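Inspection log for the structure reproduced underneath, given as structure tokens.
The numbers here are math on the coordinates, done by the rules we state, and not lab data. Computed from a predicted structure; not experimentally measured. Cβ placement follows ideal geometry from the backbone for every residue including glycine, while neighbour counts extend to all protein chains displayed.
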Amino acid sequence: MTDSTNEKAIKLSAAKKKAFLEKRLQRRAKSETTTLIPRRAQHSPAPLTYAQEGVWYAEQLQPGNPTYNMPFAWRLYGPLDVAALERSLSAVIQRHESLRTHIELIDGQPMQVITNAVNLSMQITNLQHLSTVEQKNTALTLLDAEVHRPFDLRQAPLLRSILLQLAPTDHFFSSISTTSSAMAGL
């Protein structure tokens, strides 16, 4: 409300103020109900988002192209409970539907489908037996190969993880996802 509207509302009788406020609330409620997006049925196929369409069409034009692969990497120092890391990743995947989503053709249309349960198997490579220079070269080779390995958009999860063990308390962890699943924030 502007100042002049406030001044006019103050001068109204109690009954007119009440009618004025009810009218405003009805207008507000009406506008809020028309802008809501209806919730879709649990786990029913849904049309692709604009970003997912882009990834899917790119895959149709150039199968196996890793352009939309998004790598994230962290160096982890200190003791690491590898089993706990794997359980944590699985818990994150179970919590977020976007990480369990894959693309299926349904009636000729690409649709996103949420898988109920997905297992993420983390690739673990022990490089402790190598010299520091060999570790660096091997790590770069392994990570480059993973980053350039395409995803099968028909199989969830559209995410994979790699753990390179450099020393008992020194690890390199990488998570690679497609653009569509990366939007979930992992």
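A few comments on the model shown:
- By the count of neighbouring beta-carbon atoms within 10 Å, fewest first, SER13, SER90, SER98 end up ordered SER13, SER90, SER98.
- Protection proxy ranking, peptides 99-105, 124-130, 172-178, average beta carbon neighbours within 10 Å, highest first: 172-178, 99-105, 124-130
- Each Lys or Arg adds one and each Asp or Glu takes one away; over the other residues whose Cβ falls under 11 Å from the Cβ of PRO110, this sums to -3.
- Taking 0.36 nm per residue of sequence separation and removing the Cα-Cα distance, the VAL133/ALA14 pair yields an extension gain of 34.6 nm.
- Lys, Arg +1 and Asp, Glu -1 on Cβ, resulting dipole of the range 46-182 about Cα centre, debye, nearest 20: 240
- Average Cα contact separation per residue, the range 46-182, under 8 Å, 6 or more apart, as relative contact order %: 38
- Take the Cβ atoms of ALA145 and SER44, set R0 to 35 Å, and the FRET efficiency comes out at 0.40.
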